[in-house]
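The values are calculated or read from the model by the stated rules, or taken from the named source; none is laboratory data. What you see is a predicted model; the values in this text were computed from it and never measured. Methodologically, a virtual Cβ is constructed for each residue, glycine included, from the backbone with ideal geometry; neighbour enumeration extends over all protein chains shown. What goes into the accessible areas is simple: the full protein's heavy atoms, side chains included, and nothing from ligands, DNA or RNA. Shrake-Rupley method; radii C 1.70, N 1.55, O 1.52, S 1.80 Å.
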Amino acid sequence: MIAQIFDTSDAAVADVADGATVLVGGFVSAGTPSNLILALKRGGQTDLTAVANNIGLGDLLDELCEDRQLAKVIATFAIRASGTRSSRFEVLYRAGEVELELVPQGTLIERLRAGGAGLGGVLTRTGLGTMMAEGKQIIELDGERWLLERPLRGDVALLKAWRGDLHGNLQYRLAGPNFNPVMATAADLVIAEVEELVEPGEIPPELVGTPAIYVDRLVRCEPIPVRWEG
């Protein structure tokens, strides 16, 4: 499979449908597909479910709340500490205009991994006896109680990598991998923005973080510095 190369981020996400579940890679400012997020904002898609590590913590995913494009967010971090400025997401959430599903970080990554691997779910003790277990199945194995967490997949995954070759192989840098590689396996359509677009073979095989077989679309974009607002 060879990825389709797009000239602009707007063109790469133009056919993302209203109501889509969108997996968004990154950890605050590291490995976040900011250009693709802003392209979604300009595209005006609505009723989206965003799955990400965080929203409203200096990331541009919060921009999708300006025009109320998000219906639901599944994330690990979404609410700032008391005394800090509220994000757009928090304002909408407290007004009951957007739904939030908080998921422990380890559970979130494992649910995505299960979605990518075609598994029926994962068993964890995290969240047992708390509100995180409400409405979920408890399984007993060998005298131990486990919480069954269902797999998580998206219609679209938006990724950020340092380099991509013309086949679609991706190379990450520093903390850039985080959620990106696993999200690449768990979506029907995978779109990656890269800082450099290179010829096949220029990325050493041992440095390929996401193989081309997972990547459908590539677009070269200049990185956007992510601002942090306390």
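Kirkwood radius for region 8-76, taken over all pairs of different Cα atoms as the inverse mean of 1/r, rounds to 11.8 Å. How far is helix 105-117 tilted, in degrees, relative to the longest principal axis of the Cα atoms in the chain, given as a value from 0 to 90 rounded to the nearest 10? Between the helix axis and the principal axis of the chain, the angle is about 60 degrees. The per residue volume of the convex hull around the alpha-carbon atoms of region 100-144 is 93 Å³. Note: relative contact order over region 171-221, using C-alpha pairs below 8 Å and six or more positions apart, is 54 percent. Only Cα pairs under 8 Å and 6+ residues apart enter the sum, and on that basis the relative contact order of region 108-223 stands at 27 percent. Highest mobility in the GNM of the chain, judged by mean-square fluctuation with C-alpha springs under 10 Å and restricted to G19, G127, G135, is found for G135. Only protein atoms count toward the accessible area here, which uses a 1.4 Å probe; on the chain, the carbon and sulfur part of that area reaches 52 percent. Working note: Karplus 6.51/-1.76/1.60 with θ = phi - 60° gives region 24-31 the couplings 10, x, x, 9, 6, 9, 8, x Hz, where Gly and Pro are set to x.
When only Cα pairs under 8 Å and 6 or more residues apart are kept, what is the percent relative contact order across region 141-185? Answer for region 141-185 is 31 percent. Accessible-area rank, largest first, for K136, K160: K136, K160, with all protein chains present and a 1.4 angstrom probe. Packing-based ranking of 177-185, 63-71 yields 177-185, 63-71, ordered from highest to lowest mean Cβ neighbour count within 10 Å. Would you compute the Debye intensity of region 119-228 from its alpha-carbon atoms alone, equal scatterers and no solvent, and pass along log10 I(q)/I(0) at q = 0.19 Å⁻¹ to two decimals? Ignoring solvent entirely, the Cα scatterers give -0.89.
Rolling a 1.4 Å probe over the heavy atoms of the protein chains gives region 25-128 an accessible area of 40 Å² per residue. Only beta bridges with both residues in region 1-130 are counted; by DSSP, about 5 percent of them are antiparallel.
Once the gyration tensor of the Cα atoms in the chain is diagonalised, the equivalent ellipsoid follows with semi-axes of 29, 23, 15 Å, ordered largest first. Across region 32-47, rounded Karplus estimates of 3J(HN,Hα) from the backbone phi angles (6.51 cos²θ - 1.76 cosθ + 1.60, θ = phi - 60°) give 8, x, 4, 5, 5, 4, 5, 5, 4, 4, 5, x, x, 4, 10, 6 Hz, Gly and Pro being marked x.
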